[in-house]
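Working notes for the structure below.
Just so it is clear, none of the values below were taken in a lab; they were calculated from the coordinates. This is a predicted model, so every value here is computed, not measured. Ideal geometry is used to build each Cβ from the backbone, glycine not excepted, and the neighbour counts take in all protein chains shown.
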Amino acid sequence: MVLGLFGKKSDHPLAEMKSAQSLLDDIPKNDSIKALQELTDWIEAISAQAENFKLDHQWAVLRMYDQAAQGHVRKLLHDYFVLQTLSQFQENRLWTLLDAYYTQSDHAHFDVLQRYRNNAKGASALKPELALLCTRGIGAIGGLLKMAAARYALVDPTLWKRLAEYYQLAESQGLANESVVVYPGCNQSPSEAFAVLLLWYGCSAGSLNPVQGHITERLFAALSKGVQVFNTYNGTALFVFDMAQPTPPMRATAEGNIHPALRYIVADNMRQMLDSMIKTLDKGILPGDVNFYGAKFETELVMDIAGRLLQSLTLPPPTRRTPRRKIKVNLKVANGFLKMLEQSDVGLNFGAEESEIWEVEDISATGFRSVVQSSRVDGIKIGSLVGSKPESVTHWGAGVVRRLSRDRDGTLHIGVEVLSPRVVGVPLQDRAVRGPEGGQLGLYLNRPADTSGEAWLLMKQDTYTPQRSLNMELEDKAYLLLPLALVERGDDYDLARYRMMEQDAASEA
């Protein structure tokens with residue numbers, strides 16, 4: 001038995017720093033899954049035993065255990081946010097571990113904040129640590145938001161309230177701009193952590209797939225010195241956050257009710273930093289100050305995402321190109337490239353599965369939104385290819401999922417950008433490969449009023465090669481396709497542009 005810090009006897013192993021350190025030393029160093037499980041349990045115990053500890057002791061133990069967890073967290077984030085598709089077991093295992101850690105870290109840090117405000121015994125000794133407490137607490141909330149975004153899940157509204165309380169404490173103590181060593185190699189102020197989190201969420205949630213969202217978060221973290229928080233609207237703010245009634249960040253405008261509780265996120269300097277980063281990426285160099293936790297992402301992928309971010313940080317914000325109309329109509333849907341081929345007119349639709357039916361909520365010339373039970377669209381995510389056919393139409397169109405969110409009932413709200421209202425199955429032949437080995441099937445996007453002389457094709461993944469020309473047959477005519485650019489690469493498809501040249505029988509020969 002050891003003497004408790006309130007004069008009571010306590011035999012809890014966290015009650016003394018020596019035994020707490022001994023427990024930490026026994027946690028496996030080379031098994032991140034087991035280590036994070038144990039560290040999560042101990043961090044949960046810190047909150048459960050808080051009333052038996054002086055506040056400065058509670059914080060000292062939490063600080064130590066939270067820091068010890070970071071290497072394992074980064075290892076599992078590295079394993080989770082990968083381009084290849086994880087097995088359902090592995091995805092669920094890693095997601096659950098990371099979400100559980102962030103949940104307990106969030107609870108433990110917020111418990112320290114509440115006990116400090118209630119002037120618990122030992123609170124005065126915590127004053128020099130408040131900037132670190134607020135920055136780490138904001139980081140725990142950021143982890144929870146990131147894991148929710150990876151599954152397009154609904155965010156617990158209390159997270160926004162806690163975020164506001166961390167920043168409010170930092171502001172009230174004059175610590176918002178105090179830079180601290182959050183973890184070894186990571187220096188940040190509460191203001192930077194707060195602004196980057198809101199900027200990342202506002203730019204990416206529901207519109208990027210998990211890996212894209214992860215890369216975006218890592219890029220923003222590297223550029224955190226380029227963001228600022230203003231108490232008034234200055235004309236260049238991108239997002240606004242209401243400290244009095246916290247909800248997800250909204251696009252900032254000069255209109256609306258302006259009151260003292262609003263905080264505006266400005267990224268003027270970040271735009272310049274991001275533009276410089278893109279120039280570095282264009283040379284095939286990954287900037288050394290971006291920490292991908294050891295992952296090796298292709299420079300082209302990072303540059304593409306950085307380019308999108310630059311657009312999202314540019315004022316004025318993008319507006320909807322065409323008006324949406326509320327409408328109730330049923331669509332037949334084919335999820336993925338192979339299922340679209342089965343429904344096409346290239347003779348492969350024998351034994352094709354019965355198409356899924358989605359109900360459209362609203363529609364425009366360039367896209368539509370559907371609300372679908374998640375059990376009916378297993379595996380769909382941002383960037384998924386979908387074929388669609390209205391009830392009264394004979395041909396199929398093609399689109400890509402651009403927005404995805406889950407409501408309280410677990411129902412998915414799916415926003416689809418229409419690539420073409422009509423696709424035509426076509427045989428393709430690689431001109432450099434003779435015989436059946438060079439043949440494949442593709443989907444030609446028949447885009448109305450297109451006079452560019454280009455062909456847009458959907459093909460199986462990793463098919464497009466900038467040095468390879470193709471022959472295509474379309475409506476009893478032969479065409480030479482000269483490669484122009486890869487527009488997009490999904491999990492199971494390439495979307496590519498080709499120069500389209502009609503050939504007569506003599507030239508083909």
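Quick rundown of the values:
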quantity: Cβ-derived FRET efficiency at R0 30 Å, GLU488 paired with ILE357, nearest 0.05; calculated: 0.70
quantity: Per-residue ³J(HN,Hα) for the range 123-132, Karplus 6.51 cos²θ - 1.76 cosθ + 1.60, θ = phi - 60°, Hz, x for Gly and Pro; calculated: 5, 4, 6, 8, 3, x, 9, 5, 4, 5
quantity: Spacing of the two label points (7 Å from each Cα toward its C-beta) at GLN67 and THR314, in nm; calculated: 4.3
quantity: Per-residue HN-Hα couplings for the range 32-40 [Karplus 6.51, -1.76, 1.60; θ = phi - 60°; Hz; x = Gly/Pro]; calculated: 5, 5, 5, 4, 5, 4, 5, 5, 4
quantity: Spin-label proximity, VAL371 to the range 150-169 - amide N less than 18 Å from point 7 Å beyond Cα toward beta carbon; calculated: 153-155
quantity: The chain, relative contact order [Cα under 8 Å, separation at least 6], %; calculated: 8
quantity: Greater than 25 Å apart at Cα, pairs in LYS18/LYS161; LYS328/LYS381; LYS29/LYS121; LYS75/LYS146; calculated: LYS18/LYS161; LYS29/LYS121
quantity: Gain in span if fully extended, ILE33 to GLU475, counting 0.36 nm per residue against the direct Cα distance; calculated: 153.5 nm
quantity: Under DSSP loop assignment and at most 13 Cβ neighbours within 10 Å, longest GluC sites (Glu not before Pro)-free interval of the chain; calculated: 1-254
quantity: Stokes-Einstein translational diffusion, the chain - Kirkwood Rh over all Cα pairs, 0.890 mPa s, 25 °C, in µm²/s; calculated: 95
quantity: Computed lengthening from VAL433 to PHE89, 0.36 nm per intervening residue step minus Cα-Cα distance; calculated: 119.8 nm
quantity: GLN503 long-range amide H proximity, modeled H, under 5 Å; calculated: ALA478, TYR479, LEU480
quantity: J(HN,Hα) series, the range 53-58, from Karplus relation 6.51 cos²θ - 1.76 cosθ + 1.60, nearest Hz, glycine and proline x; calculated: 10, 5, 4, 5, 5, 4
quantity: Under 5 Å, built H, 5+ apart or other chain: amide partners of ASP156; calculated: none
quantity: Among HIS395, GLY226, SER32 - extreme Cα towards positive end, dipole of the chain, charges at beta-carbon; calculated: GLY226
quantity: Unit charges on C-beta of K, R, D, E only; dipole of the chain, Debye; calculated: 1140
quantity: Nonlocal amide H pairs with PHE239, under 5 Å, H built at 1.01 Å; calculated: ALA252, ILE265
quantity: The range 321-509: equivalent-ellipsoid semi-axes (sqrt of 5 x gyration tensor eigenvalues, Cα, Å); calculated: 32, 17, 15
quantity: Computed Kirkwood radius, in angstrom, where 1/r is averaged over Cα pairs of the range 412-509; calculated: 14.1
